[in-house]
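Undergrad: Mind having a look at this structure? Questions to follow.
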Amino acid sequence: MISESVVDLSRFQFAMTAMYHFLFVPLTLGLAFILAIMETTYVISGKEIYKDMTKFWGKLFGINFALGVTTGLTMEFQFGTNWAYYSHYVGDIFGAPLAIEGLMAFFLESTFIGLFFFGWDRLSKVQHLGVTWLVAIGSNMSALWILIANGWMQNPVGAAFNYETMRMELVDFGALIFNPVAQVKFVHTVSAGYVTGAIFVLAISSYYLLKKRDLPFARRSFAIAAIFGLASTLSVILLGDESGYELGDVQKTKLAAIEAEWHTEPAPAAFTLFGIPNQAEMRTDYAIKIPYVMGIIATRSTDKQVTGLHDLMKEHEVRIRNGMVAYSELEKLRAGDRSPELLASFEQNQKDLGYGLLLKKYTPNVVDATEAHIQAATKDTIPNVAALFFSFRAMVASGFLMLLLFILATWAVAKRNAENKPWLLKFALFALPLPWIAAQTGWYVAEGGRQPWSIGEILPTHLSASSVSAGDVWGSIIALAAFYTVLLIIEMYLMIKFARLGPSSLHTGKYHFEKLAANTKEAQS
Amino acid sequence: MIEYELLKIIWWVLVGVLLIGFALTDGFDMGSMALMPFVGKTDSERRAAINTIAPHWDGNQVWFITAGGALFAAWPMVYAVAFSGMYWALLLVLFALFLRPVGFDYRSKLENTQWRNSWDWGLCIGGAVPALVFGVAFGNLFLGVPFTLDETLRSQYTGSFFALLNPFALICGLVSLSMLSAHGGAWLMLRTDGDLHNRSAKATQIMAIVFLVCFLAAGAWLFFGNISGYSYAVAVDTNAALNPLAKDVVTNANHGWLNNYSTYPITMAAPIAAILGALLVIISAAKHKAAASFTGTSLMIVGAILTAGFSLFPFLLPSSIDPTSSLTMWDAVSSHKTLGVMTVAACIFVPIILIYTSWSYYKMWGVITNKHIEENSHSLY
């Protein structure tokens, strides 16, 4: 049996590296499209300033992209190093989208990014524009495939257990790709990336406007960011992935936990605006509720119920008991018994095998679990409600603040008076962290809400870890944290340096600091 | 649908293709950076070396990433056992690779000499360490790695990082390091001029000699040393879905890894290609013939990787402490369905990738001179 500390440490390491990776990914997703829009404007209008915009924001894109690539490497190899049993158990399904991601998306994005940076003098205008679009499309396609893989962890469709090879195997590739959970996650995640790119450009442009320098450059960047950001924020909010929460038990449990709905309420359920979830007593203290709203958001109807955690746990307990039967049948199959009755019965019960495996945390043999073990395992089937409840609300609050910002910014663009509204520019500047807060809390909701499963209803997280020692994982956590911290400091230093310098960093001679230097020189001579 | 057995063979070939693709492309990125601090004396020379690969290193690195993804998808057990077992070796590769994307992009963004020197050594490590570790890992495959599988197919690895650093594996590490360095040197010969070109030619020649000596030494060790080869005791139904534990494996200390060459003499072409490639490099680098040297290093790479593959076939990950747990391309493989889907994806995308990758090289081709670097100081790496 794997020690609990290895499991916890491995989870911590995965969360740390994934969240760190996702500091850079959304900006890449969004900025790539903004670059493509800017360059398209350049090619159509022929105005050099749009070329300069593409190049300057491209420079910042490059600084961010380098760390995205670096930290992405860790993600791909970590399944093998730290989640070896997971890799064996579901690699047949989970590996395919990762491999296809490489073939279809990474090659495209990575080959053309080189031409984006170094091909300005080697390619025709239209060729270079095509390259920029391919970078944007490539990065978004990689998001598609990784979210197909992630969507399958949440709602594992199109696969079946094979007792000969002791693992899950693919039966329906179409179901894997068109998994509705994956589809809503994809739209939600890439839109969130676009918002991140838009806030980034909006905030830094506002800084130039506040400093009253490079105004034509900043004004145009601000306008593109404002409009692109408004459309993207609406898309994130309207296509928020709540619509996916009806599917599969894990998603249902996650929804109930997010909303701290302990007991099933008559439809349509009330929405808890605020409160303090109390997991031990299974109630929410100091709750402020808005009637009907949650039922309507979650089920898109007024008559469907949202199942509460109490009822879900009752269902889970039944499935755990049935999972014990499935497990004992698997033991017989493994011992060589192939009687038709056994096979037929296992066929019936194997859907609960994963629930049986939850007991492995308490007793390696599963079949000899005591009543106390079953109760403990049932309790485990509910994620940490308070953490989900607050993370979700932080995400939504950030989202609506950004929506407000983009509405105001777009209005100012239409009125052509953004420069005269220092309060708006300051709002934009200080809104810079919001998309990152939303993305990080959002991922916590998605993945923390999946617990105790690594693959929903199939493979418990605590069985997924590698048979490595706690010392090894401690070592890698410390090494990764140290390395990542140094890299982050360097990245932030360069990013701030070049953002402050602005388009003068292009050395075209047209922008603020260079003009300033030229003027000083003239005055001196 | 294609027979399962044939798909298993196709994926053995395709993983080989990805590994060779990686070594041929990212190989010269790693090799040229491993040599860069030594062959580039001035900042402009070092920048010239870096800018020969600037537009391509990221695309090339995807061969490595895709090979990792393909390993996960096609041989999940191998991915799981090798990566969790050789935990610190893999992390070492990762940490070295971290230095590359940031090194390339950040190095020339500041004028400070110390900053740039530090990144130059970072890029050197980012090239040399993975090249060395890959070879060491392959060397350990020949010796077998200490792992067992329990009946739920959970693997338990009992070795340590330092046990990987045994003499035979280190020779294999030198094979791989010198091979990729020679390839990187030949690349620099193709794409640079002046002193940098001349020093690269010298380095390429030295690396090819080291490669030849170490490659022959490793072969001699397999032939004369008592390294056990592995084989099936009883033939299995290679067309079936197999549990790795359902087989009998015997080991044979009498140059057992070389049996495939007597069974299928055509496979001798691989080691011969590697040797001829090395000789071609040694001769043409002396005459400063860049294209011939690069052809030679490419031949070395293809030959050496195929030599390892042919020797081990059908084994992928032999277990030194429990031969039955060894993983082969017949039993550590994904399901029929998954291999089928992935084959379709590979057939569609690999040709497309080759087309646009070639286009990107065609567009960016040319000699990078010091003058070019100085004139485009703010837009180049």
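Laboratory data are not the source of any read-out in this text; all were calculated from the coordinates shown. Please read all numbers here as calculations on a predicted model, not as lab measurements. Cβ coordinates were reconstructed from backbone atoms using ideal geometry, including for glycine residues, and neighbour counts include every protein chain displayed.
Undergrad: With each pseudo-label sitting 7 Å past Cα toward Cβ, what's the A:Asp285-A:Lys379 distance in nm, one decimal?
TA: Distance between the two pseudo-spin positions: 1.9 nm.
Undergrad: Average partner chain C-beta neighbours within 10 Å, per residue of B:287-294?
TA: Per residue, the average neighbour count from other chains is 0.
Undergrad: Rg (Å, one decimal) plus Dmax (Å, integer) for the alpha carbons of the range B:61-135?
TA: Every Cα atom of the range B:61-135 included, Rg and Dmax give 15.0, 48 Å.
Undergrad: Per residue, what volume in Å³ does the Cα convex hull of the range A:1-55 take up?
TA: 64 Å³
Undergrad: When only C-alpha pairs under 8 Å and at least 6 residues apart count, what is the relative contact order of the range B:4-375, in percent?
TA: That works out to 23 percent.
Undergrad: Sticking with this structure for a sec: In peptide B:329-341, what is the residue-averaged number of other protein chain Cβ atoms found within 10 Å of each Cβ?
TA: 5
Undergrad: Using every Cα-Cα pair within the range B:156-253, state what percent have a distance larger than 15 Å.
TA: Value for the range B:156-253 (Cα pairs over 15 Å): 73 percent.
Undergrad: Counting only other residues whose beta carbon sits under 11 Å from that of B:Asn376, what net charge do I get with K and R as +1, D and E as -1?
TA: Overall, the nearby charge balance is -1.
Undergrad: Additional query: Enter the mean projected area of the convex hull around the alpha-carbon atoms of the range B:4-375, in nm², rounded to one decimal.
TA: 18.1 nm²
Undergrad: State, to one decimal in nm, how far the label point of A:Ser328 lies from the label point of A:Ser3, with both points 7 Å from Cα in the Cβ direction.
TA: The answer from the label model is 3.3 nm.
Undergrad: Under 23 Å from the Cα of A:Lys55, which lysines turn up, not counting those fewer than eight places away in the same chain?
TA: Of all the lysines, those that pass the test against A:Lys55 - Cα under 23 Å, at least 8 places apart if same chain - are A:Lys47, A:Lys125, A:Lys211, A:Lys212, A:Lys497, A:Lys510, A:Lys515, B:Lys109, B:Lys363, B:Lys371.
Undergrad: Also: Just to compare against my own numbers: the Cα pair-distance distribution for chain A, 20 Å bins, whole % per bin, please.
TA: Distribution as computed: 20, 49, 25, 5, 0 percent.
Undergrad: Excluding residues fewer than 8 places away in the same chain, name every one of the lysines whose C-alpha is closer than 25 Å to that of A:Lys304.
TA: By straight Cα distance, A:Lys304 reaches A:Lys185, A:Lys252, A:Lys254, A:Lys289, A:Lys314.
Undergrad: How far apart, in nanometres, would the label points at A:Val171 and A:Trp423 be if each is projected 7 angstrom from Cα along the Cα-to-Cβ direction?
TA: 6.1 nm
Undergrad: Let me ask something else. In chain B, which helices (entire DSSP H runs) extend 20 Å or more along their own long axis, judged by Cα positions, while averaging at least 0.5 on the Kyte-Doolittle scale?
TA: Passing helices, by number: B:4-39, B:57-74, B:87-107, B:113-143, B:167-191, B:194-224, B:269-286, B:290-312, B:336-364.
Undergrad: Provide the FRET efficiency to the nearest 0.05 for the A:His507-B:Lys202 pair, computing r from the beta carbons and using R0 = 35 Å.
TA: The computed FRET efficiency comes out at 0.45.
Undergrad: How do B:236-244, A:441-449 rank on mean C-beta neighbours within 10 Å, highest first?
TA: A:441-449, B:236-244
Undergrad: Next question, about the same structure. Between B:Leu216 and B:Val236, what's the calculated FRET efficiency when r is the beta-carbon distance and R0 is 45 Å? Round to 0.05.
TA: E(calc), rounded to 0.05, equals 0.85.
Undergrad: Let me ask something else about it. Could you tell me the calculated FRET efficiency between B:Asp195 and A:Glu514, based on Cβ-Cβ distance and R0 = 60 angstrom, to the nearest 0.05?
TA: Plugging the Cβ-Cβ distance into 1/(1 + (r/R0)^6) gives 0.95.
Undergrad: Filter the trypsin sites (Lys or Arg not before Pro) in the range A:34-111 down to the DSSP loop ones having no more than 15 other Cβ atoms within 10 Å, then list what survives.
TA: A:Lys47
Undergrad: Here is a further query. Per the Cauchy relation, a quarter of the hull surface: what is the mean projected area of the convex hull of the alpha carbons in the range B:328-376, in nm²?
TA: One quarter of the hull surface, i.e. the mean projection, equals 6.3 nm².
Undergrad: Please give the peptides A:164-177, A:120-133, A:510-523 ranked by average Cβ packing (other Cβ atoms within 10 Å per residue), highest first, as a rough proxy for protection.
TA: A:164-177, A:120-133, A:510-523
Undergrad: Okay, moving on. Using only alpha carbon pairs under 8 Å that are at least six residues apart, calculate the relative contact order of chain A and give it in whole percent.
TA: Relative contact order, chain A: 19 percent.
Undergrad: Starting from the Kirkwood Rh over alpha-carbon pairs, what translational D in µm² s⁻¹ does the range B:1-158 have by Stokes-Einstein at 10 °C and 1.306 mPa s?
TA: Using the Kirkwood radius from Cα pairs, D works out to 91 µm²/s.
Undergrad: I'd like the antiparallel share, as a percent to the nearest 5, of DSSP beta bridges with both residues in chain B.
TA: 80 percent
Undergrad: Next question. Inside 10 Å of the C-beta atoms of A:467-477, what's the mean count of C-beta atoms belonging to other chains?
TA: 3
Undergrad: From zero outward in steps of 10 Å, how is the percent of C-alpha pairs of the protein assembly as shown spread across the bins?
TA: All Cα pairs considered, the percentages come to 2, 12, 20, 23, 20, 13, 7, 2, 0, 0.
Undergrad: Between B:Ile352 and B:Lys287, 0.36 nm times their residue separation minus their Cα-Cα distance comes to what?
TA: Length gained, B:Ile352 through B:Lys287: 19.7 nm.
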